[in-house]
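Every read-out reported here was derived from the displayed coordinates using simple, explicitly stated rules and does not represent laboratory data. Only a predicted model underlies this, so the values are computations on that prediction, with no experimental measurement involved. Positions of Cβ are generated from backbone atoms using ideal geometry, with glycine treated the same way; all protein chains shown enter the neighbour counts.
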Amino acid sequence: MDFTLSEERKMLQETVGKFFNSNYKNIDKRSENVNLPEGYSKEFWKESSDLGVISALVSPKFGGLGGSGEDISIIFELIGKSLCVEPFLSSAVLSSTVLSSISNPRNDLITEIIEGNLLISFAHCEMNNRYEDHYIETNAYLKNDEWNINGTKSFVMNGDDASKIIVSARINGDVNDRDGIGLFLVDNDQTLKRPYNTIDGYRSTELTFRDLKGELLAKDENALKCIIKANSAGALALSAEALGIMQICFDLTLDYLKTRKQFGKSIGAFQSIQHRMVDMMLEIEQVKSAVMLASSTFEIDDLTRDKNISAAKNLVGRVGKLIAEETIQLHGGIAMTWEYSAAHYAKRLIMIDHLMGDSDYHRDRFKLLSNF
Amino acid sequence: MVINMNFEYSEKDENFRKEVKDWLDETLPKSLSEKVKKYQRLTKEDYEIFMNNLTAKGWLAWHWPREYGGTGWNAIEKHIFEEEIIKASAPRIVPFGVNMLGPVLIEFGTEEQKNYYLPRILSNEDWWAQGYSEPGAGSDLASLKTTAVDKGDHYLVNGQKTWTTLGHHADKIFCLVKTDLNAKPQLGISFLLIDMDTPGVEVKPIITLDGEHEVNEVWFTNVKVPKKNIVGKENEGWTYAKYLLTFERTGIAGVPYSKSALNHLKMISKRSLKNGKPLIEDPIFSSEIAELEIDLLAMEIFNLRTVSAAAEGKAPGMESSLLKIKGTLVRQKTTELLRKALGPQALPYLPEQFDEGWNEMPVGPSYAGPIAKQYFNMRKISIYGGSNEIQKNIVAKASFGL
């Protein structure tokens, strides 16, 4: 067994880490990016592309230089550490996973994403869809050889700035059927947009389609397979991101416990506080292990992939709550303030449990995939 | 062993509850309770409307003895009153003057101080703030560093207070200050009343993690405070501070807040869908709600046991600390389950929806907007007013004999 990273991946980790650090020096710098019209820095996004960060998220089969579970984890752990808000998840993971998993992969579009020229968002979630892969109310019908899409997609990450959108829509059957789903590519200039920021500082959008023309990318079994894979890849990326955040939360808290003095000594000198830090440390090691397992089995069969990703994301949800809440409680009032970074890490860590399946969803999926 | 316990309120209590409820129905403006329900930002005037109504009715100083303009209610009546104002979604009674300073002045103030300040508190003429915590003195409050140096006819105050809730509205602030720098921490502290418009007092906002402005830093630079503004004796302020901290904490468990959050949770869980079916039909999620309800049920009885003991004149001791710990945990659990019940609907955050008069379409159901914000905001309740860790120290020290 070997649990160490290869030399190549260590280099990737180091280069990208330095790059993120220099651009996300502090929470004020992040707030600047959050407050830009697109909700992120286009300049930073382009530089990320030049440095090969986007390419590291895509397999060589589709023009990238990475794309393995380990690559995704390395990059997203770093994204978590800097609380970076650029569209890595929406465009580089979710959309490129769909575009590479359809029967006729769209290397042309993937290449443009890698080059930082094209933003594509994946619009699958809906107001009544609670993380499910196949619960879809948006519908598509064929008329004069053209697909028309109607409906509203919710929580579309970077759905305001993206030029194109991949939409899941129901071609036939009931809202909750596994069959009868189609994936479509549409131009985003004809959609009705309602952009907003999420409470943790990311850009999201409601997109409404009225008889919008779309190009069919996949349907039925292949479409569902693509949705599941994209959601799993997203859950893996978010799990790694959460791991990065947890490590920062732990470090910030430990630093604070050493420097904050009350009752004549550092508050970290109190045994009850030390025990709580040990609990946090232990749980972070558990998360790290689960993320490593999920990363290493990302390319194996779908069942193993999804089961291990669900294990990781469930654990991330549970441990994330512990770490976020303990980080605030052990700091005290200071971690309730906007100007201190711990508050922002805690917010993101909690809200990660509201994306790509929460701890309950992934516990249920783990049970299902394990034939309980 | 008591075998004839009676968990019912007496007829007299029920009549009192009806009186409070009817009065609230009649006098609390609908627009105001709507704002509270929607977690919209309250202005200074919003608080004052409700408090002036209470003044007119003679109910503002519900903790005070009758001779000072209080209600003279017993602990059960106070409990009922508090429950009803929360149920009615009234703004909270700003506690710093009427609930905190008032009782201290009644117990330790001079006749002159009582005659001057108490009527002004009763009429809402003065808005008080609390100057306790400092950047270096939180859990260890006695280590505070703000100094008041004796200059003959006045004290010269220098230092900084923090976490001053609604201090930006305040006209006056009561402060713990060091008057003897050489004494042991608890011994050199005095209790001082300071006008906020004295030269050298500066209020700076602290923006909290939800982007809101409720708390402040208050800075004192060479602030001249007349000698007559000291409460009680010099260097004995710690006694008064402790008196204030332990005064009337029967409402500390926040039972009515958790009850209303639990009802809200059930409503949302019926409307949220999981696999196309109401979330409340999910056996695991509904079990979580049930366990929360059981915790709350037990805590309500725990609280009433304490209230009823207080009504018989027994001062609550460690029960206050235990209720604070459990009360904050239960209340935080309600905000966590509310957040979970929403799923992805908890994500959108439109800060402008908390402004009065906002009437755009929300993103998702209208109840979703404040939920995540409330979850994060409520992290404070296990930190302020003596953190849960400090409460545990108090209980352990007072009751184990270790």
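The calculated P(r) of chain A, using every Cα pair and 20 Å bins from 0, goes 30, 57, 12, 1 in percent. In this simple spin-label model, placing a label point 7 Å from the Cα along the Cα-to-Cβ direction at both B:Asp140 and B:Glu352 gives a separation of 4.8 nm. For the stretch B:292-323, backbone nitrogen atoms closer than 14 Å to the point 7 Å from B:Lys397 Cα along Cα-to-C-beta are found at B:318, B:321. Axis angle, to the nearest 10 degrees, between helix B:318-342 and the longest C-alpha principal axis of chain B: 40 degrees.
Once you have the Cα-Cα distance between B:Asp25 and B:Lys114, take 0.36 nm times their residue separation minus that, and quote the gain in nm to one decimal.
Working: separation 89, 0.36 × 89 = 32.04 nm, distance 3.33 nm.
Full-extension gain reported as 28.7 nm.
Straight-line cross-link partners of A:Lys347 among the aspartates and glutamates, defined as a Cα under 12 Å from its Cα and at least 8 positions apart when in the same chain: A:Asp200, A:Glu325, B:Asp210. Across the stretch B:128-241, how large is the tail of the calculated P(r) beyond 22 Å, expressed as a percent of all Cα pairs? Percentage above 22 Å: 26. Modelled label positions at A:Asp174 and A:Asp302, each set 7 Å beyond Cα in the direction of Cβ, lie 2.2 nm from each other.
Looking only at other chains, what is the average number of their beta-carbon atoms within 10 angstrom of each beta-carbon in A:317-330? Provide the component values of the computation, followed by the final result.
Working: counts 1, 0, 0, 0, 3, 0, 0, 2, 5, 0, 1, 6, 7, 2.
Mean inter-chain Cβ contacts per residue within 10 Å come to 2.
Volume per residue for the protein assembly as shown equals 188 cubic angstrom (convex hull of Cα atoms). Between A:Lys25 and A:Ile273, the C-beta separation translates, for a Förster distance of 22 Å, into a calculated FRET efficiency of about 0.15. The magnitude of the dipole of the protein assembly as shown, with charges of +1 and -1 set on the Cβ of Lys/Arg and Asp/Glu and taken from the Cα centre, is near 1500 debye. With one equal scatterer per alpha carbon and no solvent term, the Debye-computed log10 I(q)/I(0) for the stretch A:120-219 at 0.11, 0.13, 0.17 1/Å reads -0.29, -0.40, -0.68. Among beta bridges identified by DSSP and lying wholly in the stretch B:128-241, the antiparallel ones come to about 80 percent. Projecting the Cα atoms of B:Ile252, B:Gly232, B:Met267 onto the dipole axis of the stretch B:209-275, where Lys and Arg carry +1 and Asp and Glu carry -1 at the beta carbon, places B:Met267 farthest toward the positive end. For the peptide B:203-209, the mean number of other protein chain Cβ atoms found within 10 angstrom of a residue's Cβ is 4.
Quick one: plug the Kirkwood hydrodynamic radius of the stretch B:11-93 (C-alpha pairs) into Stokes-Einstein at 37 °C, 0.692 mPa s, and report D in µm²/s. Translational D for this selection: 248 µm²/s. Full extension of the segment from A:Asp255 to A:Lys46, taken as 0.36 nm per residue of separation minus the current Cα-Cα distance, would add 71.8 nm.
Close lysine pairs were tallied over the stretch B:249-399: pairs 8 or more places apart or on different chains with Cα atoms under 16 Å apart number 18. Dipole check for chain A: with +1 at the C-beta of Lys and Arg, -1 at the C-beta of Asp and Glu, and the Cα centre as origin, the magnitude is about 1000 Debye.
Over chain B, what portion of Cα pair distances is larger than 28 Å, expressed as a whole percent?
Values: 42132 of 80601 pairs.
Cα-Cα pairs of chain B separated by over 28 Å account for 52 percent.
Rounded to the nearest 20 debye, the dipole magnitude of the stretch B:128-241 is 440 debye, with +1 charges on Lys and Arg beta carbons, -1 on Asp and Glu beta carbons, and the Cα centre as origin. When each of the peptides A:358-367, B:227-236, B:302-311, A:123-132 is scored by how many other beta carbons lie within 10 Å of its residues on average, the order from highest to lowest is A:123-132, A:358-367, B:302-311, B:227-236. Across the stretch B:320-395, Cα-Cα distances exceeding 22 Å account for 38% of all pairs.
When you look at the Cβ of every residue in B:335-344, what mean number of other chain Cβ atoms sits within 10 Å?
The per-residue average across the peptide is 5.
Would you mind putting B:342-353, B:269-280 in packing order, based on average other-beta-carbon counts within 10 Å, highest first?
Values: B:342-353: 21.2, B:269-280: 17.5.
Final packing ranking: B:342-353, B:269-280.
Cross-link partners of B:Lys44 among lysines, defined as those whose alpha carbon lies under 18 angstrom from its own and excluding same-chain residues fewer than eight positions apart: B:Lys30, B:Lys35, B:Lys172, B:Lys204. Principal semi-axes of the equivalent ellipsoid, √(5λ) from the alpha carbon gyration tensor of the stretch A:7-114, are 24, 17, 10 Å from largest down. Spin-label model, A:Asn371/A:Glu14: points 7 Å from Cα along the beta carbon direction are separated by 4.7 nm.
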